[in-house]
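Visitor: Have a look at the structure that comes next, please.
The values are calculated or read from the model by the stated rules, or taken from the named source; none is laboratory data. Please read these numbers as outputs of a predicted model, since none were measured by experiment. Please note: Cβ atoms are built from the backbone with ideal geometry, for glycine as well, and neighbour counts cover all protein chains shown. Please note that ligands, DNA and RNA were not included when accessible areas were found on the heavy atoms of the full protein model with its side chains. Shrake-Rupley method; radii C 1.70, N 1.55, O 1.52, S 1.80 Å.
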Amino acid sequence: MIKILTILGARPQFIKAGSISREIAKYKEIEEIIVHTGQHYDANMSDIFFDEMQIPKPNYFLGIGGKSHGAMTGQMIEKIEEVALKENPDWIMVYGDTNSTLAGAIVASKLHIKLAHIEAGLRSFNMKMPEEVNRILTDRVSNILFCPTDTAIQNLKNEGYENLDCKIVKSGDVMQDGAMFYKNLALKPNIEIKNSFILCTIHRAENTDDETRLRSIFEALNEIAKEKQVILPLHPRTKKILENLKLNIQNLTIIDPVGYLEMVWLIDNCDFVMTDSGGLQKEAYFFEKQCITLRDETEWVELVECGANTLVGADKEKILKVYRSDSKFNIQNSTLDLYGGGKASENIIKELLSYE
Ligand code: UD1
Ligand code: UDP
C-alpha cells in the first residue's frame, strides 16, 4: 500500500491534480489524501473546480490565503507539517511552482518523506518571479522530478541534477491529460459572445505589480477590442489592481473567473489566445490555437520554437504589431506532440508504484 499526501492550493493545481486523482482511483494499492492550503479561496477560483470537474474533494482545508508570501508560506508549512505527522504518508506530491508547492516541499524534506514534484525542471531564468524561486527550491529537494518536456530534462542536466540523489523522469504534461478529458464536457459561458473573439487572461505578478507594464498591456488590449471582441475572465489579483489604477478598459468583455468547463469552451472556440498564464499557453496549443504571450520569457520554449507561441512582453506597440501581423494565423502545429499526448498521469503513477 502506498499513501500519497497531495498538496494543492491554486487553480491550475486543481486541474493538474484531478488528472492524477482519476489515475490513482484505478489502483487499490494507492491511497491519496488531499490537502487544500486555501491559497485560492473565492468560490469561482476554488469551489467550482471541485464541484464540476469530477475531482475528489480535499480531505483537509487549511484556509491560508490572501496573505504576504512569507506569512502564507510559513503558515502553510506549519499546518502541512501537522497533517503529514498525523497521516504519515509515503510520498508528498506537489505541483508546479506556487507557494503551496514550496510549503509542501519544505515539509517533505524536513520530515524525510519522499517528495514527488510534478512539472519539475521548468525554468524562466528570471529570479524575480516568485514561481522561479519556488520551483528551483522544490526541485532541489525532490526525490522524483516528473518533467513535462525535453527542455525541462535538459534544464536539470545543465544544473547538475544527474549527479544528485534523485530520479529524473520524462512524464509528459498532466495538463494535456486534463484538457483531453474535459474537451467533451465543455460548457458555453452565459455571456454575449461574438462569432469571432480573443480569449485573454492577465494575472502574473510581473505584469500586475508593475504599473507601466499593466497600463501598456491594457492600452493595447483596449485598442484591439475596438476591432474584435476580447473576453477576459479576470483574476482577483488583477481586479484589485485595476480598480486602483482606473484604466480605460471599456471595450473589453471583462467577466469573473470561469470554471474549467467554461474555460475549455472559450479556448476551443476563440480565434486565438493572449495571456501571461503558464497553463493557458499550453492549452492554446492543445486546442490548436495560436498564443500571444504577454511576458518577456516563457518556461514553454518549445511552443515559441515551433511557432505556436509568440512572446510580446508588455510593450503596447509590439503587442499591436504582432496582433496585426498575419503570420500568427498560418502556423500548423497540430502534428507536433510536445507534451506526452495525454499519458502523463499514467506514466507518473506507474513510476511511483515501481520506485525503490
Ligand atoms: C498564484 C501563483 C501563481 C499562479 C496563480 C494561478 C504563487 C506565488 N503564485 O498567483 O504562480 O500562476 O496562483 O492562478 O503562488 N485572491 C483572491 N481570491 C482568491 C485567490 C486570490 O482575492 O480566490 C487574491 C489574494 O487575496 C491576493 C491575490 O489575489 O491578494 C493573489 O493571490 P495569490 O494566491 O497570492 O497569488 P496568485 O496571483 O493567485
Ligand atoms: N482558468 C480557468 N478559469 C479562468 C482562468 C483560467 O479555468 O477564469 C484555467 C486555465 O484554463 C488554466 C488554469 O486555469 O488551465 C491556469 O491558471 P492560471 O492562469 O491562473 O495559472 P498559471 O497556469 O499561470 O499558473
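So that you can scan it fast, the table gives a plain yes or no per residue for (1) within 13 Å of ligand 2 (Cβ to nearest atom); (2) outside any loop (DSSP other than H, G, I, E, B); (3) not aromatic (F, W, Y):
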position: H40; (1), (2), (3): yes, no, yes
position: F49; (1), (2), (3): yes, yes, no
position: P58; (1), (2), (3): no, no, yes
position: G63; (1), (2), (3): no, no, yes
position: G74; (1), (2), (3): no, yes, yes
position: E78; (1), (2), (3): no, yes, yes
position: E81; (1), (2), (3): no, yes, yes
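Visitor: Still on this structure: Looking at V258, is it in contact (Cβ under 8 Å) with a residue 24 or more places away in the chain, part of a strand (DSSP E or B) and either within 16 Å of ligand 1 (Cβ to nearest atom) or β-branched (V, I, T) (or both)?
Guide: no
Visitor: I'd like the residue in the stretch 269-280 that is in contact with a helix residue (DSSP H, G or I) (Cβ under 6 Å, 6 or more places away or on another chain) and open to solvent by less than 10 Å² (accessible area, probe 1.4 Å) and, out of all such residues, is farthest from ligand 1 (Cβ to nearest atom).
Guide: V273
Visitor: If I113 meets every condition in (1) farther than 18 Å from N59 by Cα; (2) away from ligand 1 (no atom under 14 Å from the Cβ); (3) more than 14 Å from the chain's Cα centre (by Cα); (4) buried (at least 24 other Cβ atoms within 10 Å of the Cβ) apart from one, which number is that one?
Guide: (4)
Visitor: Which members of the stretch 167-202 meet the condition of being in a loop (DSSP other than H, G, I, E, B), more than 17 Å from E299 (Cβ to Cβ) and among the hydroxyl-bearing types (S, T, Y)?
Guide: S196
Visitor: So, in the stretch 233-252, how many residues would count as being in contact with a Phe, Trp or Tyr (Cβ under 9 Å, 6 or more places away or on another chain) and either open to solvent by less than 20 Å² (accessible area, probe 1.4 Å) or in a loop (DSSP other than H, G, I, E, B) (or both)?
Guide: The number of residues fulfilling the criteria is 5.
Visitor: Oh, and also: Just one of (1) more than 30 Å from E192 (Cα to Cα); (2) free of Cβ contacts under 8 Å to residues at least 40 places away in the same chain trips up Y355, so point out which.
Guide: Against the list (1) more than 30 Å from E192 (Cα to Cα); (2) free of Cβ contacts under 8 Å to residues at least 40 places away in the same chain, Y355 comes up short only on (2).
Visitor: Could you tell me which numbered condition V230 fails, if it satisfies all but one of (1) open to solvent by 40 Å² or more (accessible area, probe 1.4 Å); (2) more than 15 Å from ligand 1 (Cβ to nearest atom); (3) modelled with pLDDT of 95 or more; (4) not in a loop (DSSP other than H, G, I, E, B)?
Guide: That leaves (1) as the condition not met.
Visitor: So, of the residues in the stretch 322-352 that are at pLDDT below 95 and part of a helix (DSSP H, G or I), which turns out to be surrounded by the most Cβ atoms within 10 Å (Cβ to Cβ)?
Guide: Y323
Visitor: While we're looking at this one, here's another question. Might you check whether a residue that is away from ligand 2 (no atom under 16 Å from the Cβ), over 24 Å from E351 (Cβ atoms) and at pLDDT 95 or above occurs anywhere in the stretch 5-16?
Guide: No, there is no match, as no residue in the stretch 5-16 is away from ligand 2 (no atom under 16 Å from the Cβ), over 24 Å from E351 (Cβ atoms) and at pLDDT 95 or above.
Visitor: Which residue pairs have Cβ atoms closer than 6 Å, lie 6 or more positions apart in sequence or on different chains, and pair a first residue in the stretch 10-25 that is under 8 Å from V174 (Cβ atoms) and of a type in the set (S, T, N, Q) with a second residue that is more than 8 Å from ligand 2 (Cβ to nearest atom) and open to solvent by less than 10 Å² (accessible area, probe 1.4 Å)?
Guide: S19/V174; S19/S345
Visitor: Related question: Could you list, in sequence order, all residues of the stretch 219-236 that are farther than 14 Å from T275 by Cβ and either touching a Leu at 6+ places or on another chain (Cβ under 7 Å) or within 16 Å of ligand 2 (Cβ to nearest atom) (or both)?
Guide: N222, E223, A225, P236
Visitor: The conditions are (1) crowded, with 18+ Cβ neighbours inside 10 Å; (2) out of contact with any Gly (no Cβ under 8 Å at 6 or more places or on another chain); (3) closer than 29 Å to L122 by Cα; (4) touching a residue at least 40 places away in the same chain (Cβ under 8 Å), and T208 fails exactly one of them. Which is it?
Guide: Only one criterion is unmet by T208, namely (4).
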